[in-house]
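Engineer: My structure is below; once you've seen it, I'll send some questions.
Read-outs: derived from the displayed coordinates by stated rules, not from any lab. The shown structure was predicted, so the numbers you read here are calculated from the model rather than taken from an experiment. Cβ coordinates were reconstructed from backbone atoms using ideal geometry, including for glycine residues, and neighbour counts include every protein chain displayed.
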Amino acid sequence: MLNTLWNYCEGHFKLHGGDHGPSHWRRVERNAIALAAHTGANELFVRIFAAIHDSCRENEFDDPAHGSRAADLADKLRGEYFELEEGLMQNLRYALSFHDTGDTCLDNPNIGTCWDADRLDLPRVGIVPLPRFFSTDAGREKCLEIIRNHRDKPITLTPEQMLAQIEKLRNK
Ligand SMILES: [Fe+2]
Ligand SMILES: [Fe+2]
């Protein structure tokens, strides 16, 4: 049922692949579904978040408005590409608008699960996530697993390596 939503999001995405493209969205979806089994989050809710949350990015590096654009897009697509009752829709708007602020959400498992699922994919850009930025117990557990797995091979980039990576991407 969400295939048309995914097709829409992939079709209007302005970037090509990259760190915030559809393969990241799919990993967020997988993370979110796995977390939802423990957090009790609504599976449809987290899957809609995964498909939309980064689809309005206009660049890879500095785009603080991409969350609120994603919330506007969700409003536009509701009813035609997915159905969600009004209470959940308000939560979805909030989850999308503020997903990249670094906040946690301890009292709403739908929102917390989405944000945790997104942060669990930080290793793709060379960042080991930290437990204090997680909202759910299941998310923190997974985060600790990532830390344990990377203990002997830290992948956190130094500022110099980060700049070099950005430079490389710019010159592509
Ligand atoms: Fe984002
Ligand atoms: Fe993301």
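Engineer: If we keep just the residues of the range 85-132 that are away from ligand 2 (no atom under 12 Å from the Cβ) and touching a Lys or Arg at 6+ places or on another chain (Cβ under 6 Å), which is farthest from Ala51 (Cα to Cα)?
Structural biologist: Among them, the one singled out is Pro131.
Engineer: Only one of (1) within 12 Å of ligand 1 (Cβ to nearest atom); (2) surrounded by fewer than 16 Cβ atoms within 10 Å (Cβ to Cβ) fails for Trp25. Which number is that?
Structural biologist: All conditions are met except number (2).
Engineer: Please work out if Leu35 is closer than 15 Å to Asp121 by Cβ and either touching an Asp or Glu at 6+ places or on another chain (Cβ under 8 Å) or surrounded by 17 or more Cβ atoms within 10 Å (Cβ to Cβ) (or both).
Structural biologist: Yes.
Engineer: Another question about this same structure. Please go through (1) within 15 Å of ligand 1 (Cβ to nearest atom); (2) surrounded by 19 or more Cβ atoms within 10 Å (Cβ to Cβ); (3) of a type in the set (A, V, I, L, M, F, W, C) for Ala65 and return the number of the only condition it doesn't satisfy.
Structural biologist: Going through (1) within 15 Å of ligand 1 (Cβ to nearest atom); (2) surrounded by 19 or more Cβ atoms within 10 Å (Cβ to Cβ); (3) of a type in the set (A, V, I, L, M, F, W, C) one by one, Ala65 breaks only (2).
Engineer: Residues that are among the hydroxyl-bearing types (Ser, Thr, Tyr): list the helices (runs of 4 or more DSSP H) wholly contained in the range 45-124 that include at least 2 such residues.
Structural biologist: By residue number, 86-97.
Engineer: Of the residues Leu92, Leu84, Leu15, Leu96, which is more than 16 Å from ligand 1 (Cβ to nearest atom) and among the aliphatic types (A, V, I, L, M)?
Structural biologist: None of the other options fit; the residue is Leu84.
Engineer: Follow-up question, since we're still on this one. Provide a single number: the residues in the range 133-145 that are part of a helix (DSSP H, G or I) and either within 16 Å of ligand 2 (Cβ to nearest atom) or in contact with a strand residue (DSSP E or B) (Cβ under 7 Å, 6 or more places away or on another chain) (or both).
Structural biologist: Qualifying residue count for the region: 4.
Engineer: Looking at (1) of a type in the set (Val, Ile, Thr); (2) within 21 Å of Trp6 (Cα to Cα); (3) free of Cβ contacts under 8 Å to residues at least 24 places away in the same chain, find the lone condition where Ile147 falls short.
Structural biologist: (2)
Engineer: So for the range 4-21 (the condition being outside any loop (DSSP other than H, G, I, E, B) and in contact with a His (Cβ under 6 Å, 6 or more places away or on another chain)), does at least one residue qualify?
Structural biologist: no
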